[in-house]
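Each remark here refers to the structure printed beneath this line.
The values are calculated or read from the model by the stated rules, or taken from the named source; none is laboratory data. Predicted model only: the values in this text are computed from it and were never measured. Glycine gets a Cβ as well: all are built from the backbone with ideal geometry, and neighbour counts include every protein chain shown. Side chains included, ligands, DNA and RNA excluded: accessible areas come from the protein's heavy atoms. Shrake-Rupley method; radii C 1.70, N 1.55, O 1.52, S 1.80 Å.
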Amino acid sequence: MLNKSQVEYCLEVMKEMFPEAQCELRHDNPFELVIAVLLSAQCTDVLVNKVTESLFKKYQTPEDYLAVSLEELQQDIRSIGLYRNKAKNIRKLCQMLLDEYEGEVPRTKEELMKLAGVGRKTANVVASVAFREPAIAVDTHVERVSKRLAICRWKDSVLEVEQTLMRKVPKDEWADTHHRMIFFGRYHCKARNPECPECPLLELCREGQKRMKKLNKAK
C-alpha cells in the first residue's frame, strides 16, 4: 500500500488534473440534492440531470411528491434504473421529512441515514455538498481508484475504504478529495478503459503497470 507521502502526491496530481471538480448533480437546495443522489444509484449523473430537469419543475416540496400517485411518480422517473423502488423510497423519504423534520432535510449524517433510500454514501454526499460537513463518500469511482492505486486493499469493504481515506487525508480536504477522485475515476481511471499509458501516476500504480505489461505483450 502507498505510504502517506505517496498518497499526498497522488491527491496533488488529481488536484492539478481536475482543479474544478465538484458535484455534477444539478440541484438548487438540499432537498433536490437528496432526491438527485437517491436517483443516481446505479445510474449516471448525466441521465439523472436529464430527468430532474423536468422533475424539479413539477415537484418542489415533499408535499408535491406525496400529492400524486405512486404510479405517476414512477412514470416521471421511468427512464432511471430501479425506478419503481426509487419512487417508493422518495415518497417514504418525503413523508418522514414532514413527520419528523418539519419538511427540512436534516443536516447530520446520522439523521440523513435514517431516511428511506439514503445509505452512507448518499448521506456523506448531502452532508458534504449541501452543508459543507467534512465527509468522503465512497462511490464506485472512489472505491476503484483507491484500490487500483493501493491507497487501500483490494479486499476492503466500502466502509473500510472510507475509513482508510479519512485516516490518510486531512479532514479539511475530505470534500475536495472526494470530488477529485470521482473525476479521476470517471474521466481518466475508467472502469473498462483506464488511460494508463498517459497516466501521471503510472509509476506508483501497480495495477496500471500490470495493464501496461499486458498491452505491450499483446503488441
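Brief remarks follow.
- Working note: Cα gyration tensor of the chain, eigenvalues times five, square-rooted, sorted largest first, giving semi-axes of 35, 19, 14 Å.
- Share of pairwise Cα separations in the stretch 1-105, more than 17 Å, in percent: 58
- Structure-based [θ]222 nm, the chain - -39500 (n - 2.57) summed over DSSP H runs of at least 4, per residue, nearest 500: -18000 deg cm²/dmol
- Accessible surface of the chain [probe 1.4 Å, protein heavy atoms]: carbon and sulfur percent: 48
- For the chain, size of Cβ-based charge dipole, Lys and Arg +1, Asp and Glu -1, in debye: 1540
- Net charge of the neighbourhood of residue 201, taken over other residues with C-beta under 12 Å away and scored Lys/Arg +1, Asp/Glu -1, is -4.
- For the stretch 92-206, the pair-distance distribution built from all alpha carbon pairs, in bins 10 Å wide starting at 0, is 14, 39, 28, 14, 4, 0 percent.
- The stretch 70-144: projected area of the alpha-carbon convex hull, averaged over directions, in nm²: 5.7
- Simple Cβ-charge dipole of the stretch 131-219, Lys/Arg +1 and Asp/Glu -1, about Cα centre, in debye nearest 20: 720
- Of all lysines in the structure, the ones whose alpha carbon falls short of 26 Å from that of residue 214, not counting any fewer than 8 places away in one chain, are 147, 155, 190.
- Dipole orientation for the chain: of the candidates 68, 138, 89, 138 has the Cα lying most toward the positive pole (charges on Cβ; Lys, Arg +1; Asp, Glu -1).
- Near residue 86: Cβ cut-off under 13 Å, other residues only, Lys/Arg at +1 and Asp/Glu at -1. The net charge is +4.
- Per residue convex hull volume, Cα atoms of the stretch 145-219, in Å³: 99
- Under a model in which nothing but the beta-carbon of Lys, Arg (+1) and Asp, Glu (-1) is charged, the stretch 160-205 shows a dipole of about 140 debye around its Cα centre.
- DSSP-loop trypsin sites (Lys or Arg not before Pro) across the stretch 2-85, with at most 15 other Cβ within 10 angstrom: 26, 78
- Loop-located chymotrypsin sites (Phe, Trp or Tyr not before Pro) in the stretch 105-212 (DSSP state other than H, G, I, E, B) with a sparse environment of at most 14 neighbouring Cβ atoms within 10 Å: 154.
- The GluC sites (Glu not before Pro) of the stretch 76-109 that meet both conditions, a loop assignment by DSSP and at most 10 other Cβ atoms within 10 Å of the site Cβ, are 102.
- Rolling a 1.4 Å probe over the heavy atoms of the protein chains gives the chain an accessible area of 55 Å² per residue.
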